[in-house]
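Scroll down for the structure; my scribbles are underneath it.
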2 protein chains.
Amino acid sequence: MERLMHSIKIGINNKLYVKDPESSDLGKRIIEQSILMIDEMGFESFTFRKLGDRIKSNESSIYRYFENKHKLLLYLASWYWGWLEYKMVFATNGISNASEKLRKAIEILTQTVEEDVSFSHINEVLLNKIVINEYSKSYLTKEVDQENKDGYFVIYKRLINRLYEMIVALDPTYPYPSSLASTILEGSLHQYFLREHFPMLTDCNEKITPTDYFMDLAFRALKPTNHA
Amino acid sequence: MERLMHSIKIGINNKLYVKDPESSDLGKRIIEQSILMIDEMGFESFTFRKLGDRIKSNESSIYRYFENKHKLLLYLASWYWGWLEYKMVFATNGISNASEKLRKAIEILTQTVEEDVSFSHINEVLLNKIVINEYSKSYLTKEVDQENKDGYFVIYKRLINRLYEMIVALDPTYPYPSSLASTILEGSLHQYFLREHFPMLTDCNEKITPTDYFMDLAFRALKPTNHA
DNA sequence: ATACTATGATAGTAATACTTTTATATTTGT
DNA sequence: ACAAATATAAAAGTATTACTATCATAGTAT
């Protein structure tokens, strides 16, 4: 798996960047260090000026890669969802039993990102934390509809759609498969956030994981059909 | 109900404001017009300078009521959750059957806010839209833990806790009552957002409501015990 | 040797998120 | 009715942000 992913490039909408950050050393440093900095200081405090100082480059050079920090966040999020999608498709690929397949998918999508193995300059653990803490900000804007039209959220939508398909395959009678799919993905991020900051609002802790909760919820909601 | 609510004041943590906006005409205009403006232009574009222009007052005068726009958002959100809590407690008060009680609570908490009836200067319909589009931004910050300690989220937490208690009363064997309660509240906001901007990611539309979805989900998950 | 490209350095602009000071209007207490 | 206290308004100032523009320079490709 690790070896395989080394040779994979996650295809991100090229409107999200001015110049592909994967195409140069500076670009990779921008990605690498922006992940560290956004995690450290939060998205609002993060600026291209500070990033420039940190990577000993220039603010104006960073603008040659990304129009603004909002697009950088969309880029990072797309990368993350693409990476998760890849892991999920890979892990569920051979499974023919609909129930097992969905089980595996939920496991991959809701489990903690444990360690950083595959891409040298991208720290997936921190990127997962960024997605938990900042992803909502990327779509809760007045520009969502235009940006959605421009395809900035395709990977995320495709991922939810894959989950939707597995739900329908398992139980075609369930009336809310899209909502359940989006609830699992978004709700999982939320439960991680609550575990960290509002432990009274969640049952998740060191022992119980968001995976446990959503696995249970999904299988309480769905009734497998016999042709599965 | 309307008459009753006219005489109710929603108790909001007094650290959220410098001067109580309910205590003066200017304060009420700040609340009234900030709701309209945040709805119109979104929270990031909204500024105290623009609000001052709009209400023909001065930027500096607004700062005498709220330290910054972030605290204003927290104030508006607290007001909203307090208002919802009130409606929920009122509506579920007389119900002794645990199942019916939870049913009523979910209905109140997840249904569309249809019209603005009770408080003259607060438009609850728009406030509901603001909560859908902006609430996450109020807690997805580096300062959450401190602000949580300062009690800025008490009403929201109390509301979820009330829902939690109804879930436990209905089915004490269910292992994730807190997570289910927080999922219903947060997930409902999310489904409304998706319905508006990402219809492919939800089953909710003109006919199917987030209420339908979460009512069904909750009652698939929970098994009433006989002593209910 | 030259031309092209990437990056860096510097400066500039408009807007934001405030703070400070001073003036004026309004309310209230006696 | 008058003085004092309080609320609001007006204006100016500051540091930072989110860029844009210009010019210089180093490396690379032909």
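Simple point charges give the picture: +1 on the Cβ of Lys and Arg, -1 on the Cβ of Asp and Glu, and for the range A:100-224 a dipole about the Cα centre of about 380 debye. Accessible surface buried by the B/A pair amounts to about 4300 Å², both sides summed, 1.4 Å probe.
Computed from Cα atoms, the angle from the helix B:177-197 axis to the main principal axis of chain B rounds to 60 degrees. Dipole magnitude for chain B: computed about the Cα centre from +1 point charges on Lys and Arg Cβ and -1 point charges on Asp and Glu Cβ, it is near 480 debye. Label points for B:GLU40 are taken 7 Å from Cα along Cα→Cβ. From this copy to the others they lie 4.1 nm apart, shortest first. Starting from the label point of B:ASP212 at 7 Å along Cα→Cβ, the same points in the other copies fall at 3.5 nm, in ascending order. Averaging Cα coordinates gives a centre for the range B:148-193 and one for the range A:166-228; these two points are 15 Å apart. Tell me, rounded to the nearest percent, the portion of alpha carbon pairs in the range A:88-204 spaced more than 22 Å apart. Value for the range A:88-204: 44 percent of Cα pairs lie more than 22 Å apart. With helices as the sole contributors, chain A gives -20000 deg cm²/dmol at 222 nm; each DSSP H run of n ≥ 4 counts as -39500 (n - 2.57), and the sum is divided by every residue. A convex hull fitted to the Cα coordinates of chain A yields 136 cubic angstrom per residue. Pairs from the list A:LYS19/A:LYS56; A:LYS129/A:LYS157; A:LYS104/A:LYS223; A:LYS137/B:LYS71; A:LYS223/B:LYS207; B:LYS104/B:LYS223 with a Cα-Cα gap above 22 Å: A:LYS223/B:LYS207.
Shape call for the protein assembly as shown from the C-alpha gyration tensor, a ≥ b ≥ c root eigenvalues: rounded (a/c under 1.5), prolate (a/b greater than b/c) or oblate? In terms of gyration-tensor shape, oblate. The spacing between the range B:72-130 and the range B:12-45, judged by their C-alpha centroids, is 19 Å. Applying the Karplus relation 6.51 cos²θ - 1.76 cosθ + 1.60 with θ = phi - 60° to the range A:210-223 yields 3J(HN,Hα) values of x, 4, 4, 4, 6, 4, 4, 4, 4, 7, 6, 6, 9, 10 Hz, where x marks Gly and Pro. Element breakdown for chain A at a 1.4 angstrom probe: carbon and sulfur atoms account for 48% of the accessible area. With its label point put 7 Å out from Cα toward Cβ, A:SER120 sits 6.9 nm from the same residue's point in the other copies, in order from shortest.
Placing one equal scatterer on every Cα of the range B:1-80 and applying the Debye formula, the log10 ratio I(q)/I(0) at q = 0.21, 0.23, 0.25 Å⁻¹ is -0.95, -1.12, -1.29. Only Cα sites of the range B:150-228 enter the Debye sum here, all with the same form factor; the resulting log10 I(q)/I(0) across q = 0.14, 0.16, 0.17 1/Å is -0.54, -0.68, -0.74, listed in q order.
For the rotational copies A and B, the chain A residue with its Cβ nearest the relating axis, together with that separation in Å, is A:SER136, 2. Note on B:38-46: average number of Cβ atoms from other chains within 10 Å of each residue's Cβ is 2.
For chain B, a Gaussian network of Cα nodes joined below 10 Å ranks B:LEU194, B:LEU84, B:LEU185 by mean-square fluctuation, and the top entry is B:LEU194. Note that chain B presents 44 Å² accessible area per residue, ligands and nucleic acids not counted, probe 1.4 Å. Across chain B, the relative contact order, built from alpha-carbon pairs under 8 Å that are at least six residues apart, equals 22 percent.
Here the dipole of the protein assembly as shown is about 320 debye; that uses its Cα centre as origin and unit charges on the Cβ of Lys and Arg (positive) and Asp and Glu (negative).
Annotation: aspartates and glutamates with alpha-carbon distance below 18 angstrom to B:LYS101 (same-chain offsets under eight excluded): B:GLU85, B:GLU165, B:ASP171, B:ASP212, B:ASP216.
With everything on Cα atoms, drop me the angle between helix A:25-41 and the longest principal axis of chain A, reported from 0 to 90° to the nearest 10. Result, in degrees: 70. Angle of helix B:69-92 to the longest C-alpha principal axis of chain B, folded into 0 to 90 degrees and rounded to 10: 40°.
Solvent-accessible surface (1.4 Å probe) assigned to B:LYS9 amounts to roughly 120 Å².
Between the residues B:TYR164, B:GLY11, B:ILE122, the greatest Cα displacement towards the positive end of the dipole of the range B:2-221, with unit charges on the Cβ of Lys, Arg, Asp and Glu, is found for B:GLY11.
Residues in the range A:123-134 carry Karplus couplings, in order, of 8, 5, 5, 5, 5, 4, 4, 4, 4, 4, 8, 10 Hz; the curve used is 6.51 cos²θ - 1.76 cosθ + 1.60 with θ = phi - 60°, and Gly or Pro positions show x.
The values are calculated or read from the model by the stated rules, or taken from the named source; none is laboratory data. Remember, predicted model here, so these are calculated numbers, not experimental data. Because the Cβ atoms are built from the backbone with ideal geometry, glycine has one as well, and the counts that use them run over all protein chains shown. Surface accessibility is based on the protein's heavy atoms, side chains included, excluding ligands, DNA and RNA. Shrake-Rupley method; radii C 1.70, N 1.55, O 1.52, S 1.80 Å.
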